[in-house]
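Below is one structure, written out as structure tokens; the observations come after it.
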Amino acid sequence: MCLINFIKWLKYSVCAYLVSYVMGYAENGINGIRRYIFKAHKNDFAVAVAKYTVKTLSVGKFYLLGEINSSQVENTMTTAHSYMNEHYGVRDISSNVNYAAIPKWFGSFASPVTIFIETYSLGSIKNMNGIIHEFIHLGWNVPAESGETQRIRFFDEAFTSYFEMRVMEYLLKDYNPVNVDVYKNQLNRYDGNVPIIDFGKHGYGDLSYTIGAICLYKLSEFVGIDVFEKATRTFLEKYKDTPVNMEIFCNEYIKLCDKPELEQFFKDWIYTTNGPKSLLESYKCE
Ligand SMILES: [Zn+2]
């Protein structure tokens with residue numbers, strides 16, 4: 001790494017580190033310009049980050065950096081909200097949610113009161129999957145049992161990434177939800193023989209964003225999208241306050257979809273890697 005890159009890396013790392021410890025906003029007026037600073041909960045420690053344009057939209061308050069098309073942001077977010085309500089159950093997302101744009105490379109993340117999102121994610125509908133992903137987390141997840149099950153990341157990240165695929169498909173007609181190249185690249189970083197059920201044990205939770213989401217995508221194709229959506233609405237509602245595990249998930253979907261053949265499907269996709277492997281094979285043949 002050359003010196004300049006090292007300094008850049010150091011700068012971004014330090015900023016990202018500071019930003020990740022801040023949870024709120026303070027406001028002051030300087031020369032009539034409203035400035036917002038990040039403010040920590042503890043020790044009243046504040047880090048000034050940027051001048052923001054503030055837009056209060058129906059789905060939350062947006063702190064935007066630079067030239068962002070706020071009507072596009074509003075249309076996309078409200079469309080995502082209606083789509084999720086209609087297909088996966090109505091959720092009353094608070095309009096108090098804050099979305100703060102942060103520079104590229106900081107990485108998007110959510111604090112208890114604010115979703116921090118990289119600026120480029122607000123620049124075009126195509127790039128808005130990141131903010132839509134965080135938005136979906138606010139309302140359409142069930143809790144996972146703590147420990148190994150939680151570390152699989154299936155009930156937060158596989159579900160959210162699946163919903164994100166469906167919303168993006170709806171927003172962009174030429175969107176390709178099962179991006180096999182991304183999937184293959186990710187698989188190459190891991191041992192392809194670890195099934196979803198063992199992701200927690202092996203620290204492979206990151207694979208739930210792709211393999212977990214594709215598993216749900218294939219499940220929805222297998223049972224039919226309407227049946228899948230109805231089952232998912234019931235599942236999300238029934239377990240909204242009760243932690244679940246993979247066994248509960250499989251049994252519930254077999255019952256809710258009224259499809260005993262799902263037992264084999266789950267064997268292939270959750271308990272072994274037959275499903276992911278045959279998916280890759282089928283793309284090789286094309
Ligand atoms: Zn997520």
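What follows draws every value from the coordinates through simple rules; no lab data is involved. Everything quoted here is computed from the prediction, not taken from an experiment. Every residue, glycine among them, receives a Cβ derived from its backbone with ideal geometry; neighbour counts consider all protein chains shown.
If neighbour count is taken as other Cβ atoms inside 10 Å, put PHE222, PHE62, PHE249, PHE135 in order from fewest to most. Write down the numbers at each step before the final one.
Values: PHE222 15, PHE62 25, PHE249 20, PHE135 28.
Lowest to highest Cβ neighbour count: PHE222, PHE249, PHE62, PHE135.
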Along principal axes, Cα extents of region 148-284, largest first, whole Å: 38, 36, 27
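Give me LEU122, LEU172 sorted ascending by neighbouring Cβ count inside 10 Å, so fewest comes first. Let's see the in-between values first.
On the way: LEU122 24, LEU172 14.
Fewest-to-most ranking of LEU122, LEU172: LEU172, LEU122.
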Would you mind checking the pairs LYS184/LYS277; LYS126/LYS230; LYS230/LYS255 and listing those with alpha carbons more than 22 angstrom apart? LYS126/LYS230
Under 1.5 on a/c is rounded, so check that first for region 116-193, then, if it is not, pick prolate when a/b is larger than b/c and oblate when it is not; a ≥ b ≥ c are the square roots of the alpha carbon gyration tensor eigenvalues. oblate
